[in-house]
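The values are calculated or read from the model by the stated rules, or taken from the named source; none is laboratory data. In this text, all values refer to a predicted model and were calculated from it rather than measured experimentally. In this analysis, Cβ positions are derived from the backbone assuming ideal geometry, glycine residues included, and neighbour counts consider all displayed protein chains.
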Amino acid sequence: MNYLDLFNLASPEAVVAVTALVVLAIGLARGRGPGICAPVAAAGLLFAAATVLMLPEQATLSHEMLVVSPLTTLAKVICLGLAFFTVILARGTNTPHHGEYLALLLLATIGLMLLVGSEELLMIFIGLELTGLSLYVMAGFDKTDPRSAEAGLKYFLFGSTASAFTLFGLSLVYGMCGTTGLSAIGQKLAHEPVLPLLAAGIVMTLIGFAFKIAAAPFHLWAPDTYQGAPVPSAAFIASGSKVASFVVLGKILLVGFGPVHGSAAWHAMTAGWAPVLAALAALSIVIGNLVALAQSNVRRLLAYSAVAHAGYTLLGLVAGGREGFAATLFYTTVYAVTLVGAFGVVALVRRDTGGDDFAHFSALWSRSPLLAGCMAIFMLSLAGLPPLAGFFGKFYLFSVAMRAGGNQGLLWLVALALLGSFISLYYYLAVLKAIFVVEPEPGTRNPESLRSITMDFPQKFSVAALAGVILFVGLWPATLLVRITLALP
């Protein structure tokens, strides 16, 4: 192996790693305050994104352990962009030990980049673990809040169990196929029958990734983690890790396990991973939407909403093929951008009012019209209303699922997803009702919390920019969809 080639192809990860060390050193030298840690971290992420764009169009190193392609380039840029906005979000919160916190965020970003930039099972697992270990600590980082410790502990316990399932499943796949490269596994499965041990390995791998994307019934960590973790941690868990997980899950299923796709069609169901994913999608849509109806905390509502959206996103993978994967990538990217923006608004409201229940959002429009307008865009996009990006994402995803197979075999799943979208409209509008309609009850809130919400320019710019992206992509979806389609092999 040529180490110069390795350094050239891994230069974006190296830039982020150096930035993490610099931020950590600055944080230790300058004390606990944010200082210049956030600007240095943001600059490092931007430089890493520029480095990604300078990579060759196609390159493979060491048996697919490191792959450079249009898809990996696009996925890395998206992950770096989400990390950039999370850094700005963290800058406006009272996170203790700011340098160490941002260093963990950067290390998690390296894990995401390794995850999406590999087509080899061992490197994929290493990326999963680097991301997971960093996010566990980030979830429990706020030692002043007992809920943060609870969130970190639950996330760690569920995550370690899921990692064990994933590793056991991947070991069974390796034992039955004799290789860890996804393309080689696909060729092996195309010419040999699926034995019970191999089927068990595939199912266990799916269980591990179902945890990562918070698909029911492996979602029990999500509500407490989203609510108890520091807001920037919850935002990155809900956005960056979701994008990377769906990218690598799509590559594992369509490249490695493609020959054992099976069918989830109502009239011709056959054994394979597609029926398993269809069952996960259906369960996620039902549980996520119904339980979200009973929530009165915005972050907990977003957690159960994430379960439902995981079900929607799985429709593209169940449909299979290049178009189905494109629909999944488009939807998960739009969803991730929306979630970072929504958590940005939650963070600012929580900083000024001390909480993030519906009551804390009462009359937000009178205290900050900008935040109220941006939150309306995010909520309506999650609900799938035009002309926002969420509407086109759902439309494209559902239409691809309808065209998959013959005789509209996935009609049952699309109908369930449409019903779930109608149900979700109720609880998203409940948030907007609190913002625009409900007035705070006398004596229930501190009068100081009724003052205008103060924001510096980076915070205003980031929230407004994310809302602008959602509106722009909704009006001109081809700007993102064409890039995703061209990036797929």
Quick count over the stretch 423-449, residues being at pLDDT 85 or above and either more than 20 Å from MET379 (Cα to Cα) or not aromatic (Phe, Trp, Tyr) (or both), is 11
Give the residue that is nearest to PHE472 (Cα to Cα), with candidates limited to residues of the stretch 354-375 that are in a helix (DSSP H, G or I) and out of contact with any helix residue (DSSP H, G or I) (no Cβ under 6 Å at 6 or more places or on another chain).
-> GLY373
Is it true that ALA383 is among the small types (Gly, Ala, Ser) and either free of Cβ contacts under 8 Å to residues at least 40 places away in the same chain or over 17 Å from MET269 (Cβ atoms) (or both)?
-> yes
Residues of the stretch 117-141 satisfying the condition of being hydrophobic (A, V, I, L, M, F, W, C) and closer than 18 Å to GLY186 by Cα | LEU121, LEU122, MET123, ILE124
Could you tell me whether the stretch 244-260 includes any residue that is aliphatic (A, V, I, L, M) and either free of Cβ contacts under 8 Å to residues at least 24 places away in the same chain or farther than 24 Å from THR179 by Cβ (or both)?
-> no
Qualifying residue in the stretch 306-328 (condition: among the aromatic types (Phe, Trp, Tyr), at pLDDT 90 or above and either in the same structural domain as SER399 (by TED's automatic domain parsing) or in contact with a strand residue (DSSP E or B) (Cβ under 8 Å, 6 or more places away or on another chain) (or both)) = yes
Looking at the stretch 420-434, which of its residues are surrounded by fewer than 18 Cβ atoms within 10 Å (Cβ to Cβ) and free of Cβ contacts under 8 Å to residues at least 60 places away in the same chain?
-> PHE422, LEU425, LEU429, LYS433
All but one of (1) over 23 Å from the mean Cα position of the chain (by Cα); (2) over 21 Å from TYR426 (Cβ atoms) hold for LEU348; which doesn't?
-> (1)
